[in-house]
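The values are calculated or read from the model by the stated rules, or taken from the named source; none is laboratory data. None of the values given here were measured: they were computed from a predicted structure. Please note: Cβ atoms are built from the backbone with ideal geometry, for glycine as well, and neighbour counts cover all protein chains shown. All accessible areas refer to the heavy atoms of the entire protein, side chains included, with ligands and DNA or RNA removed. Shrake-Rupley method; radii C 1.70, N 1.55, O 1.52, S 1.80 Å.
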Amino acid sequence: MPGGVSSPVRAFKSVNGQPIVFDRVKGPYAWDVDGNRFIDYVGSWGPAICGHAHPEVITALQGALEKGTSFGAPCELENQLAEMVIDAVPSVEMVRFVNSGTEACMAVLRLMRAFTGRDKVIKFEGCYHGHADMFLVKAGSGVATLGLPDSPGVPRSTTANTLTAPYNDLEAVKELFAENPDAISGVILEPVVGNAGFITPEPGFLEGLRELTKENGALLVFDEVMTGFRISYGGAQARFGVTPDLTTMGKVIGGGLPVGAYGGRAEIMSMVAPAGPMYQAGTLSGNPLAMTAGIKTLELLRQEGTYERLEATTKRLISGILQSAKEAGFSITGSNISAMFGFYLCDGPVRNFEEAKSADAQRFGKLHRAMLERGVYLAPSAFEAGFTSLAHSEDDIDATLKAFSESFASID
Ligand code: KE4
């Protein structure tokens with residue numbers, strides 16, 4: 001297995017460490033094969049928002065297993081999850097399930113082009129939309145972590161239609177539209193960036209993109225694979241009150257099983273085969289196991305008080321992290337929105353990828369190792385966000401903050 005992992009960011013390369021091999025997870029915890037327990041703030045990169053292996057999700061899956069693992073035919077469950085997504089996410093009138101966020105983003109780009117008849121797309125530096133060729137341009141997450149701004153194997157002809165701008169820079173987007181009249185199918189972005197560390201949209205940025213795309217006959221697409229059902233039950237679009245034309249989702253809606261989805265205005269989604277001519281398909285799309293895990297997870301999330309609780313837990317965590325860093329004399333900037341948080345070891349503010357790269361990645365590596373030694377598992381990269389869950393207790397947060405305080409005091 002290349003690098004000994006199934007996904008690059010797990011290799012701990014950017015924190016100069018050896019990956020931890022997990023044996024099992026439960027609630028906020030992970031245990032490695034040597035029996036060491038960690039308080040987990042990666043949560044399988046987002047899906048474990050209710051806590052790992054939630055008993056109600058496991059029970060629902062056990063029931064579904066008895067009826068088979070994959071049908072390759074329509075099933076009631078996919079309609080049930082589709083209705084829950086449509087009811088929750090403001091932009092979604094129609095939805096198609098796939099098996100990963102990458103698939104969802106690949107399909108949504110094809111749909112943007114099919115609907116507008118235009119080939120170019122605007123993405124933002126540091127945003128990551130999966131590993132499809134046309135998105136591997138100044139991407140975030142593992143691409144940034146491994147310093148692969150343009151991966152080998154991606155033809156220039158493919159990325160020639162991918163235009164990039166700095167995040168939070170409306171003027172740069174305006175210029176791209178002016179330089180490429182009637183040629184840009186749309187703008188795709190993480191409405192809250194979790195793949196360049198944690199970068200929030202400045203006031204007016206999302207609203208400005210909504211206006212600019214409308215003025216130019218282009219589509220606005222929110223990649224909510226990470227923010228969906230995490231920033232709020234309706235995603236970032238509900239929280240910020242900006243409705244895109246199309247949305248991609250993943251992670252949480254699979255409840256820990258492989259699921260991605262793309263959806264949006266029925267007028268656009270009706271182009272997707274077999275309703276329309278735009279082809280996209282998948283053997284395991286909508287499979288009953290993944291649908292079952294997703295349905296149960298959303299049922300748990302839509303309960304009263306869920307997001308207030310996630311906000312309180314995460315606010316206490318990030319506030320404590322900032323305080324312990326400052327007490328140790330470190331420069332730090334950071335924040336949270338609901339159950340997503342991040343910090344940079346620099347003065348800040350961090351408004352885009354260039355500023356994120358100015359943070360002290362070496363020192364982050366030392367902090368990451370010090371925290372592992374104290375039983376806390378942070379994302380193994382300065383270019384990732386952190387994730388809390390409904391399972392992280394007050395005691396877990398206390399223990400985490402104690403580990404941060406000791407770790408900051410122990411590194412230089
Ligand atoms: P997947 O193909 O990994 O399911 O989704 C791709 C994707 C698309 N869009 C956004 C906003 C995403 O965050 C992701 C995947 N996120 C990374 C974590 N930063 C997945 C972890 C990994 O690559 O191992």
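Flag not set for THR283, criterion: assigned to a helix (DSSP H, G or I) and not aliphatic (A, V, I, L, M).
In the set (1) touching a Pro at 6+ places or on another chain (Cβ under 9 Å); (2) open to solvent by 50 Å² or more (accessible area, probe 1.4 Å); (3) not assigned by TED's automatic domain parsing to the domain that holds GLY234, THR333 fails one condition alone, (2).
Cβ separations smaller than 6 Å between residues 6+ apart or across chains give the following pairs from region 204-217 residues that are assigned by TED's automatic domain parsing to the domain that holds ASP182 and within 12 Å of THR243 (Cβ to Cβ) to residues that are in a helix (DSSP H, G or I) and open to solvent by 50 Å² or more (accessible area, probe 1.4 Å): LEU206/PHE240.
Taking the conditions (1) within 16 Å of the ligand (Cβ to nearest atom); (2) charged (D, E, K, R); (3) free of Cβ contacts under 8 Å to residues at least 40 places away in the same chain in turn, GLU384 satisfies each one other than (3). Residues in region 387-401 that are without any contact (Cβ under 8 Å) to a residue 24 or more places away in the chain and of a type in the set (A, V, I, L, M, F, W, C): there are none. Identify the residue in region 237-267 that is under 11 Å from the mean Cα position of the chain (by Cα) and over 21 Å from ALA53 (Cβ atoms) and, among all such residues, is farthest from the ligand (Cβ to nearest atom). Out of the qualifying residues, it is MET249.
For region 10-65, a residue qualifies if it is within 27 Å of THR313 (Cα to Cα) and basic (Lys, Arg), and the qualifying residues are ARG10, ARG24, LYS26, ARG37. Residues of region 109-128 that are among the β-branched types (Val, Ile, Thr) and open to solvent by less than 10 Å² (accessible area, probe 1.4 Å): VAL121, ILE122.
For beta carbons closer than 6 Å, sequence separation of 6+ or different chains, a first residue in region 148-176 that is closer than 23 Å to ALA218 by Cα and a second that is surrounded by fewer than 17 Cβ atoms within 10 Å (Cβ to Cβ), the qualifying pairs are THR158/ASP133; ASN161/ASP119; ASN168/GLU202.
A Cβ distance below 8 Å, combined with a sequence gap of six or more or placement on separate chains, defines the contacts here; from region 241-260, residues that are acidic (Asp, Glu) reach residues that are assigned to a loop (DSSP other than H, G, I, E, B) and away from the ligand (no atom under 11 Å from the Cβ) in the pairs ASP245/SER91; ASP245/ARG265.
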